[in-house]
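Chemist: Provided herewith is a single structure, encoded as structure tokens, for subsequent inquiry.
Nothing in this text is a laboratory measurement; each read-out follows from the coordinates by a stated rule. Since this is a predicted model, take the numbers as computed values, not measurements. In this analysis, Cβ positions are derived from the backbone assuming ideal geometry, glycine residues included, and neighbour counts consider all displayed protein chains.
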Amino acid sequence: MQKENITLQLSEIKKALEELTKTKETEIFKMSGPILIKSAKSSVKKELSEKQDFLSMRMKTLEKTEKKAKDKLTELRGKLSKQMGV
């Protein structure tokens, strides 16, 4: 579930950064809760890039944790099979 959520967020950020690159405006509006706030394009781009970096690191951490859990499960299955004589 977390992985799917992060993947979705990364996709949305990528699309937003692409749109920011296309626009020639120096000031844009960003959502902050239920309101829009006028912001400098460069600061929004920086915020999105930082969030993208953070989420990418989080995704790598989740993938490592998932791999460790799968490896441990495989190891335990092997031990169980060995003890049961299968």
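Chemist: Of 40, 17, 84, whose Cα points farthest to the positive end of the dipole of the chain (charges on the beta-carbon: +1 Lys, Arg; -1 Asp, Glu; origin at the Cα centre)?
Modeler: Of the candidates, 84 comes out farthest on the positive side.
Chemist: In addition: Out of segment 1-54, which GluC sites (Glu not before Pro) are coil in DSSP terms and have no more than 14 other C-beta atoms within 10 Å?
Modeler: Passing sites in segment 1-54 are 25.
Chemist: A further question follows. Quick check on the exposure proxy: order 13, 35 from fewest to most C-beta atoms within 10 angstrom.
Modeler: 35, 13
Chemist: Still on this model: Quick one: putting +1 on the C-beta of Lys and Arg, -1 on the C-beta of Asp and Glu, what dipole do you get for the chain around its Cα centre, in Debye to the nearest 20? Mind showing how you got there, number by number?
Modeler: Numbers: 21 positive and 13 negative charges, 81 e Å.
It comes to approximately 400 debye.
Chemist: Convert 4 °C to kelvin, take the viscosity as 1.567 mPa s, use the Kirkwood radius over C-alpha pairs of the chain as Rh, and evaluate the Stokes-Einstein diffusion coefficient in µm²/s, rounded to a whole number.
Modeler: Rounded, D is 81 µm²/s.
Chemist: Rounding to the nearest 10 and keeping the result within 0 to 90°, find how far the Cα-based axis of helix 2-22 lies from the longest principal axis of the chain.
Modeler: Roughly 30 degrees, rounded to the nearest 10.
Chemist: A further question follows. Decide, for segment 15-63, between rounded, prolate and oblate: order the square roots of the alpha carbon gyration tensor eigenvalues as a ≥ b ≥ c, take rounded if a/c falls under 1.5, and otherwise choose prolate if a/b is larger than b/c, else oblate.
Modeler: prolate
Chemist: For helix 41-84, what angle does its Cα long axis make with the longest principal axis of the chain, in degrees from 0 to 90 and rounded to 10?
Modeler: Relative to the chain, helix 41-84 is tipped by roughly 10 degrees.
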